[in-house]
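This report refers to the structure that appears directly beneath it.
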Amino acid sequence: MRLASILGLAILLLALGGAPSRPGARAANAGTSRAVGPTGVVLPAADPMLTEMQREIERGQHDYAALVQRLAQARDEQEAFGIEDEMRAQRTGTEIALLRIQSAYASRAGNAAFAAQLDRAIDALIGRNAPRPDAPQRDRGM
């Protein structure tokens, strides 16, 4: 639940900070390098952490879209199930990458307790998705 809250907050902040500006708004604000929002208000300077997270989200979306295309072209159920596993792993990988970015920034800011909490969330995600050698193979048949 806490992990979902952290990711939700990060995504909300990205959405708020990434609002598209109206056409010509940058020209009206030519004296500064800061973006102007749709209402003409100068937006705050981009936060480096959020910028890095946005790049990671966009990379994840691109990779996921490629997997969706592969899934649409799957030759059989076995191949489709394999691609679905890749899709789950890719989404988890993006979550982990976002948490790592936040952890690194928390560490640099001197917030070791929050960085440790994020690192535990990362470990939990990795542990949840790691194949267990003693786990039986899932039956994919219907």
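Laboratory data are not the source of any read-out in this text; all were calculated from the coordinates shown. Just so we're clear, the structure is a prediction, and the values are computed from it rather than from any experiment. Cβ coordinates were reconstructed from backbone atoms using ideal geometry, including for glycine residues, and neighbour counts include every protein chain displayed.
Values for this structure:
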{"quantity": "Sites residue 68 and residue 46, calculated FRET efficiency, Cβ-Cβ separation with R0 30 Å, nearest 0.05", "calculated": "0.55"}
{"quantity": "Residue 91/residue 111 FRET efficiency (R0 25 Å; Cβ-Cβ; nearest 0.05)", "calculated": "0.40"}
{"quantity": "Rough spin-label spacing in nm, given labels placed 7 Å along Cα→Cβ, for residue 79 and residue 61", "calculated": "2.9"}
